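Enquirer: The following block contains the structure, expressed as structure tokens.
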Amino acid sequence: METGIETAAGVAKQYIVVEIGNEQYGIDIGYVDNIVRMQEITRVPKSQIYFKGIINLRGEIVPIMSIRTRMGLEDDVFTNSTRIIILKLEQQGKFGIIVDEVREVVTLNADKVERTNMSVKEGRESFINGIGKNGEDLISLLDLNSIIEEDDNV
């Protein structure tokens, strides 16, 4: 097993594996700023349905998105396992996404990731940019830019 080394197939990347619904999704760890417990979210009027509101994270206002609603899944059900993952993207700054549970951190070599060519804008497919194979598990790798892109049709 060649974990964490550069191979002929490319460099290994780390992903935080989260559960959304009954499926596992991977988020590139390079974008993760923080993981916090679920907390009270202040609603913002007249915002997109998937935009849940804002939180105050150590004096910084962070917008929060329901990834379930954004992907067309059923509404969030908050449990003790529910977390907000604070992401930091160059263009958008910090924002949070609500996930059902944070499972683990995995390292995937490039040869364990199959890129998808899904340009479908209907449903979840447009939010996935690859499938990672971790043993017997398949992990859908989230395309964070597609998820946070403003879409007037959603």
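Read the figures in this text as sums done on the coordinates, not as results from a lab. Just so it is clear, the structure is predicted and the values come from calculations on it, not from any experiment. In this analysis, Cβ positions are derived from the backbone assuming ideal geometry, glycine residues included, and neighbour counts consider all displayed protein chains.
Enquirer: Kindly indicate whether SER81 is farther than 18 Å from ILE147 by Cα, out of contact with any Leu (no Cβ under 6 Å at 6 or more places or on another chain), of a type in the set (Gly, Ala, Ser) and surrounded by fewer than 14 Cβ atoms within 10 Å (Cβ to Cβ).
Expert: Working: farther than 18 Å from ILE147 by Cα: yes; out of contact with any Leu (no Cβ under 6 Å at 6 or more places or on another chain): yes; of a type in the set (Gly, Ala, Ser): yes; surrounded by fewer than 14 Cβ atoms within 10 Å (Cβ to Cβ): yes.
Here the answer is yes, as SER81 does meet what is asked.
Enquirer: Which of (1) touching a Lys or Arg at 6+ places or on another chain (Cβ under 6 Å); (2) free of Cβ contacts under 8 Å to residues at least 24 places away in the same chain; (3) within 16 Å of LEU89 (Cβ to Cβ) is the odd one out, the single condition ASP33 does not satisfy?
Expert: Tallying (1) touching a Lys or Arg at 6+ places or on another chain (Cβ under 6 Å); (2) free of Cβ contacts under 8 Å to residues at least 24 places away in the same chain; (3) within 16 Å of LEU89 (Cβ to Cβ), ASP33 fails exactly one: (2).
Enquirer: Output the residues belonging to the stretch 95-116 that are in a strand (DSSP E or B) and either farther than 18 Å from LYS13 by Cα or small (Gly, Ala, Ser) (or both). Even if it seems obvious, please write down each step before you answer.
Expert: First, pick out the residues of the stretch 95-116 that are in a strand (DSSP E or B): 95-99, 101-108, 113-115.
The answer is PHE95, GLY96, ILE97, ILE98, VAL99, GLU101.
Enquirer: Based on what the data block shows, is SER66 free of Cβ contacts under 8 Å to residues at least 60 places away in the same chain, closer than 24 Å to ASN129 by Cα and of a type in the set (Ser, Thr, Tyr)?
Expert: Considered against the rule, which asks whether it is free of Cβ contacts under 8 Å to residues at least 60 places away in the same chain, closer than 24 Å to ASN129 by Cα and of a type in the set (Ser, Thr, Tyr), SER66 comes out as yes.
Enquirer: Sticking with this one: Can you tell me which of LEU57, LEU142, LEU138, LEU73 is surrounded by 14 or more Cβ atoms within 10 Å (Cβ to Cβ) and in contact (Cβ under 8 Å) with a residue 60 or more places away in the chain?
Expert: It is LEU142.
Enquirer: Let me ask something else. Return the residues of the stretch 51-93 that are out of contact with any Asp or Glu (no Cβ under 6 Å at 6 or more places or on another chain) and of a type in the set (Lys, Arg); say none if nothing qualifies.
Expert: Across the stretch 51-93, the qualifying residues are LYS52, ARG58, ARG70, ARG83.
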